[in-house]
Amino acid sequence: MAQDSSLPGFWDTRYRGGVVPWDAAGVPPHLKSWLQAQKAALRVLIPGCGTGYEVRAFAAHGHDVLAIEFADAAIEAAQRELGALSERVVKADFFVFEAAPFDVIYERAFMCALPRRLWPQWAARVAQLVRPGGELAGFFYFDDNERGPPFGISPARLDELLGPRFERIEDAAIAPNESIAVFQGKERWQVWRRRL
């Protein structure tokens, strides 16, 4: 079994074995509220989309959403879940994927799935893929446990990674009944605006 969460085989093994404790089986309430507040159609990227529930939510609100995933088993799960919207999920590696900048990158269990050694590359890549004035919006897992995934981050480390290129404009705790067990009490909804 692959033990490096930066490799597709790690995730293929988990999806095929049904070991998916991060799968919320739906769309989180904070995302629903954020979507309702958006006034214009946005070009959205969802990296590491997993089963892809949020793809449907973004599309239902009129957004041009693209989801990327690099594990075949996750892509298959998303395609089963999304039906007619399955063409919005493509196989791609976030770190080399080429695209015009997006208005929004949605974060849900992608960053915390990456080994910590990749976080500086993740932050730089997010900055490349979000247009100036655009947003990184989603859920961030705060924990000091060395084991993972999920790999928790400290607020100071997240500020260090994103602060040079982004400004945090929203920060809200997630109620225990709105979180899945693996993240319970340790995740926050945040929106970071790309500096001009």
For an R0 of 35 angstrom, estimate the FRET efficiency from the Cβ-Cβ distance between Ile180 and Ala100 and round to the nearest 0.05.
0.60
Amide H contacts under 5 Å for Glu187, restricted to residues at least 5 apart in sequence or on another chain and with H modeled in the peptide plane, are Phe142, Ile174
Extension reserve of the Phe10-Arg157 stretch, reckoned as 0.36 nm per residue once the Cα distance is removed
50.4 nm
When all Cα-Cα pair distances of the chain are considered, the percent exceeding 26 Å is 26
Please list, in order along segment 8-14, the HN-Hα scalar couplings obtained from phi with the Karplus expression 6.51 cos²θ - 1.76 cosθ + 1.60 (θ = phi - 60°), rounded to whole Hz, x for Gly and Pro.
x, x, 4, 7, 4, 4, 5
Are there trypsin sites (Lys or Arg not before Pro) in segment 19-113 that DSSP marks as loop and that have at most 15 other Cβ atoms within 10 Å, and which are they?
Lys39
Subtracting the Cα-Cα distance from 0.36 nm times the residue separation, let me have the gained length for Lys91 to Arg147 in nm, one decimal.
17.4 nm
Of all the Cα-Cα pairs you can form in segment 121-196, what percent are over 18 Å apart?
42
Could you list Ser154, Ser6 in order of exposure, starting from the residue whose Cβ has the fewest other Cβ atoms within 10 Å?
Ser154, Ser6
Say each of Arg116 and Ala40 gets a label point 7 Å from the Cα, pointing the same way as Cα to Cβ; how far apart are those two points in nm?
3.9
Karplus-derived HN-Hα couplings along segment 95-100 (A = 6.51, B = -1.76, C = 1.60, θ = phi - 60°), whole Hz, x at Gly and Pro
7, 10, 4, 10, 6, 5
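Any read-out appearing in this document is the output of simple, stated calculations on the displayed coordinates, not a laboratory observation. Predicted model only: the values in this text are computed from it and were never measured. Neighbour counts are summed over all protein chains in view; Cβ atoms, including those assigned to glycine, are modelled from backbone coordinates with ideal geometry.
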